[in-house]
Amino acid sequence: MQTVLITGGTGLVGKTLSKQLIAKGYKVIVLTRTAPTKASGVEIEYAVWDVKKQTIDVNAVQKADVIVHLAGAGVVDKRWTDAYKKEILESRTKSSQLLIDTLKNNPNNVQTIVSSSAIGWYGADKQEGFAFTEEDPADTGFLGVTCQLWEESIEPDPSLGIRLCKLRTGIVLSNDGGALAEFKKPIRLGVAAILGSGQQMVSWIHVADLCRMFIFAIENQNMQGSYNASAPTPVSNKTLTLSLAKAMKDSFYIPLHVPSFVLKIMLGESSVEVLKSTTVSARKIKEAGFTFLYPTIDAAINELVRK
């Protein structure tokens, strides 16, 4: 079976993806800044790289048949200072460049790269009922520009003959952190915190489906270019919040709108991301043959809350 080298393999998506790959018989190597001092209990090999110093374990790259590129600083982990915005961008582009330079300068067996991107590529919805497709241009805002440079940075030299898929990921729903953990916090206290008007559309995906999509892209040689990695049924922030509250608390919760100005004070510039409506189409990935285990928000939330 093939060997998959994963960057960002210790993160929310990377951990789940590693388990799915190992369950299917793949060998997994995780590139990390610091290799664990003891076994994690999962059959994973670790190798060290340092994006800032542009150093990498070349031997790990040479063992790989596939690279899955997930590395990048969290977009809403910190306030968007100029320094953190630079980190968000460079953690993606410089890590991509290190991978591509290593492939160009060393003999290797890599046949496929599947890289994460994000629906931040698109910006805000243009009108009601509109859904972005992969052919739409990148938005001119910070995340749109970041995603465009991110995707460009992972493009391999054509002479290498490496197939590239880029998955533009929606909001990932997982019990291991990310957006769902933030939604859960006030609900545990009996408050369903609807953000702003709550009418903004959220394009989301269950983490299990996202990881299945990465494997689908690895295994389907006809897939190339960009694909929206988002469930086929985007929902409003209000619908998502109330669905989660009902699953967690039945009817024992109080819906409460958090005003936009409060979010702007709390989050600063990054508040645009929780208040923005972005509806993306899943048609292309479905036409490629992918099927969702959790196509609706109720199916996704019920599975996650049940665990």
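The values are calculated or read from the model by the stated rules, or taken from the named source; none is laboratory data. None of these values were measured; they are calculated from a predicted model. Ideal geometry is used to build each Cβ from the backbone, glycine not excepted, and the neighbour counts take in all protein chains shown.
For segment 241-252, the criterion of a residue being buried (at least 21 other Cβ atoms within 10 Å of the Cβ), within 27 Å of residue 129 (Cα to Cα) and free of Cβ contacts under 8 Å to residues at least 40 places away in the same chain is satisfied by no position.
Of the residues making up segment 1-37, those that are more than 13 Å from the chain's Cα centre (by Cα), assigned to a helix (DSSP H, G or I), within 18 Å of residue 116 (Cβ to Cβ) and not hydroxyl-bearing (Ser, Thr, Tyr) are 19, 20, 21. Of the listed requirements (1) of a type outside the set (Ser, Thr, Tyr); (2) touching a Ser or Thr at 6+ places or on another chain (Cβ under 9 Å); (3) surrounded by fewer than 17 Cβ atoms within 10 Å (Cβ to Cβ); (4) within 30 Å of residue 170 (Cβ to Cβ), residue 74 misses just one: (2).
Restricting segment 283-300 to residues that are in a helix (DSSP H, G or I) and in contact with a His (Cβ under 9 Å, 6 or more places away or on another chain), the residue that is nearest to residue 184 (Cα to Cα) is 300.
The requirement of being hydrophobic (A, V, I, L, M, F, W, C), at pLDDT 95 or above and farther than 25 Å from residue 20 by Cβ is fulfilled nowhere in segment 62-72; no residue meets it.
Only one entry of 303, 269 meets the criterion of being of a type in the set (Asp, Glu), touching a helix residue (DSSP H, G or I) at 6+ places or on another chain (Cβ under 9 Å) and under 30 Å from residue 135 (Cβ atoms), and that entry is 269.
For residue 163, the conditions (1) of a type in the set (Lys, Arg); (2) under 15 Å from residue 225 (Cβ atoms); (3) touching an Asp or Glu at 6+ places or on another chain (Cβ under 9 Å) are fulfilled apart from (3).
Is it the case that segment 108-126 has a residue that's at negative phi, outside any loop (DSSP other than H, G, I, E, B) and more than 16 Å from the chain's Cα centre (by Cα)? Among the residues of segment 108-126, at least one is at negative phi, outside any loop (DSSP other than H, G, I, E, B) and more than 16 Å from the chain's Cα centre (by Cα), which makes the answer yes. Residues in segment 113-170 that are hydroxyl-bearing (Ser, Thr, Tyr) and either farther than 23 Å from residue 74 by Cβ or without any contact (Cβ under 8 Å) to a residue 24 or more places away in the chain (or both): 133, 140, 159.
A Cβ distance below 8 Å, combined with a sequence gap of six or more or placement on separate chains, defines the contacts here; from segment 277-302, residues that are closer than 21 Å to residue 183 by Cβ reach residues that are of a type in the set (Phe, Trp, Tyr) and crowded, with 16+ Cβ neighbours inside 10 Å in the pairs 278/122; 278/132; 279/132; 280/122; 280/132; 297/204; 300/204; 300/294.
In segment 152-173, is there at least one residue being buried (at least 20 other Cβ atoms within 10 Å of the Cβ), more than 29 Å from residue 100 (Cα to Cα) and either out of contact with any Cys (no Cβ under 6 Å at 6 or more places or on another chain) or of a type in the set (Asp, Glu) (or both)? Yes, because at least one residue in segment 152-173 is buried (at least 20 other Cβ atoms within 10 Å of the Cβ), more than 29 Å from residue 100 (Cα to Cα) and either out of contact with any Cys (no Cβ under 6 Å at 6 or more places or on another chain) or of a type in the set (Asp, Glu) (or both).
Would you check which residues across segment 258-307 are of a type in the set (Val, Ile, Thr) and crowded, with 20+ Cβ neighbours inside 10 Å and list them?
Within segment 258-307, the subset of a type in the set (Val, Ile, Thr) is 258, 262, 265, 272, 274, 278-280, 285, 291, 296-297, 301, 305.
Passing the criteria: 274, 278, 279, 280, 285, 297, 301.
Condition check for residue 227 on (1) surrounded by 18 or more Cβ atoms within 10 Å (Cβ to Cβ); (2) aromatic (Phe, Trp, Tyr); (3) in a helix (DSSP H, G or I): one failure, at (3). Taking (1) surrounded by fewer than 17 Cβ atoms within 10 Å (Cβ to Cβ); (2) closer than 30 Å to residue 284 by Cα in turn, residue 65 satisfies each apart from (1).
The listed residues are 93, 32, 81, and the only one of them that is crowded, with 17+ Cβ neighbours inside 10 Å and over 18 Å from residue 166 (Cα atoms) turns out to be 32.
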